[in-house]
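Q: I have a structure here, written as structure tokens, and I will follow up with some questions on it.
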Amino acid sequence: MKKKEREAQKKLQPSESKPLWKNSKYDRTESRLKQWMDNTYGAGSRPGTPASRPGTARAADKKPAAAHKTKPEGGLKKSASDSCLKRNFVAENARQAKAAPMRVDPMKIHDRKVAKKKENVSRSYQRGIVPDYLKERVSQWKEEEKQRIANLPDPTVPEGHVVMDNREKEETLTVLAKSREKLLLQLQNMPLRNDTLRLHNTRNELESKLAEIDDAIKIFSRPRVFIKQE
């Protein structure tokens, strides 16, 4: 028991504290905390001591300069706090936000340009009127379709034959009609009597040619005439 009491007394006794290490180059440097305390509460006073309490007679008698210094400091703090209360931080932030440049997404800028272009096209577009380029395209399609149909092989045309052109057919009919007129004129100029063999053969030759021309005229008078390819 006595041993425990002695150990408890040793713990209660104040132990000698070792001095803190300090660099020698900071010996002449004053503490900033000390400067702030001296400016705020006066030199030599600390917060919580009677000298630091304004309003006590002791502090006013011993250190009037410190009390004189604390008054304007408190007044400045009060005016600063009042000015902070009077400031409208919300309005200031709103003005700064309006003045600051806004960053816009490039995709949004592209979408706006496309929408504006579409709007301009829709305004310039005349409803109910077919554009000229569409008319030209339709006529071109019709012409190409005609050429395609014309180039298709006709199933009604015999193999190895082609259809004669109408212009060429008319020219052939004109030539045949002129030849027929010449033959008829020759037959009309021949004598009525066929006593000689020569006259008989000439009449037969003219009549056979006239029959051939009549057959040719019938053939070329058809709607379609087929010509054999060589």
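The values are calculated or read from the model by the stated rules, or taken from the named source; none is laboratory data. Since we're looking at a predicted model, the values are computed, not measured. Here the Cβ is made from the backbone with ideal geometry for all residues, glycine too, and neighbour counts use every protein chain on show. The area values use the complete protein model at the heavy-atom level, side chains included, leaving out ligands, DNA and RNA. Shrake-Rupley method; radii C 1.70, N 1.55, O 1.52, S 1.80 Å.
Q: Quick check on my filter: what residues within segment 202-216 are more than 14 Å from K178 (Cα to Cα) and open to solvent by 80 Å² or more (accessible area, probe 1.4 Å)?
A: E205, E207, D215
Q: Which numbered condition trips up V162, out of (1) touching a residue at least 60 places away in the same chain (Cβ under 8 Å); (2) more than 30 Å from E230 (Cα to Cα)?
A: The number of the failed condition is (2).
Q: Among the candidates R180, R193, single out the residue that is in contact (Cβ under 8 Å) with a residue 12 or more places away in the chain and either farther than 25 Å from Q229 by Cβ or not aliphatic (A, V, I, L, M) (or both).
A: R180 is the lone residue from the list that is in contact (Cβ under 8 Å) with a residue 12 or more places away in the chain and either farther than 25 Å from Q229 by Cβ or not aliphatic (A, V, I, L, M) (or both).
Q: Give the residues of segment 120-141 that are surrounded by 10 or more Cβ atoms within 10 Å (Cβ to Cβ) and charged (D, E, K, R), sorted by residue number.
A: Answer for segment 120-141, where residues must be surrounded by 10 or more Cβ atoms within 10 Å (Cβ to Cβ) and charged (D, E, K, R): K135, E136, R137.
Q: Against the definition (over 24 Å from P223 (Cα atoms), out of contact with any Lys or Arg (no Cβ under 7 Å at 6 or more places or on another chain) and not aliphatic (A, V, I, L, M)), how does K116 come out, yes or no?
A: So K116 passes the test.
Q: Of the residues that sit in segment 159-186 and are in contact with a strand residue (DSSP E or B) (Cβ under 8 Å, 6 or more places away or on another chain) and of a type in the set (A, V, I, L, M), which one is surrounded by the most Cβ atoms within 10 Å (Cβ to Cβ)?
A: M164
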